[in-house]
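First up is the structure itself, then whatever we jot down about it.
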Amino acid sequence: MRILVCVKRVPLTGGKIVLTADAQAIETKHLGFTISPHEECGVEEAVRLIETHGGESVVLTLGPPEAEEQLRDAMALGADRALHLVSDEEEWDPQATATAIVDAIRGDETANGPFDLVFFGNESADSGGYQIGIRVAYALGRPVATGLKGVTVDADAVRCEQEVPGGRDVYVLPLPAVVTVLEGLNLPRYPSVPAKLRAQRKPVDASSPTRPEPRLEKLRLVVPESQGKEAEILGHGPDAAPAVVEVLQRIGVA
């Protein structure tokens, strides 16, 4: 089995997000960087599948030279090797990003055989575009399932689980396939010091794709307003009981 996981270098999500003056990018001068949380779960799931079924796991990113740090982090989690599509500091639009990834997948598959699964995070932690995985699947002509909280490989198919109100939807896709996963799919392992040292010796195949002319226009980024916390007093003592019952009935638990 061969699995590819596509990851992105993003600012640490725990910090305060500030935009540049032109609202075209996130101001990163005082932020650290990491792999998107959804994609970290994708790396972990790929490593677990290879541990179970055997084969090779590969991690890929399109990003600046500094993004090699995130590739090394993914290999410390257990990925076998990495593909680095080295770009400039500017954000590529979803169409250009997908095109570069598709070309890299086809090139690697020509040399090493097809990938059975290609993992993406459901969306990146910075721009949140939701587009790349679907665009790549369409270009490759492969089935895709998105927003997954469960992935199980059995013979020549992958069982995909989506959380929905009241339960889960299940889809079975033939391999090869593309999946996008959510944070919470699993609990990523914490890499040990020996694993980090081994990751420094694993191969990273770097190339510089040509950026196509942009066909999508980004108008601006917007930082969503934070939702303030509110508390409603339903009553005091026994007088609050009818109001509590009414709230429970309204949300369907009574």
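Suppose the chain between Lys218 and Ala139 were pulled fully straight at 0.36 nm per residue; how much longer would it get relative to their current alpha carbon spacing?
Length gained between Lys218 and Ala139: 26.2 nm.
Per-residue ellipticity at 222 nm for the chain, helices alone: DSSP H runs ≥ 4 residues times -39500 (n - 2.57), over residue total, nearest 500 deg cm²/dmol?
Only helices count here, giving -9000 deg cm²/dmol.
Multiplying the sequence separation of Tyr130 and Ala241 by 0.36 nm and subtracting their Cα-Cα distance, what value in nm do you get?
35.5 nm
If you build a Gaussian network model of the chain, linking Cα atoms that sit under 10 Å apart, which residue out of Val158, Val178, Val244 swings the most?
Of the options given, Val244 has the highest mean-square fluctuation.
Quick one: net charge of Pro214's neighbours, Cβ under 12 Å, K/R +1, D/E -1?
Charge balance in the 12 Å sphere: -2.
Write down the percent of antiparallel bridges among all DSSP beta bridges whose residues are both part of the chain, to the nearest 5.
40 percent
Take Asp103 and Asp156, extend 7 Å from each Cα along the Cα→Cβ direction, and tell me the distance between the two endpoints in nm.
In this crude label model, Asp103 to Asp156 measures out at 3.3 nm.
No value in this document is a laboratory result; all are computed from the given coordinates. What you are looking at is a predicted structure, and each value in this text was computed from that prediction instead of being measured. Methodologically, a virtual Cβ is constructed for each residue, glycine included, from the backbone with ideal geometry; neighbour enumeration extends over all protein chains shown.
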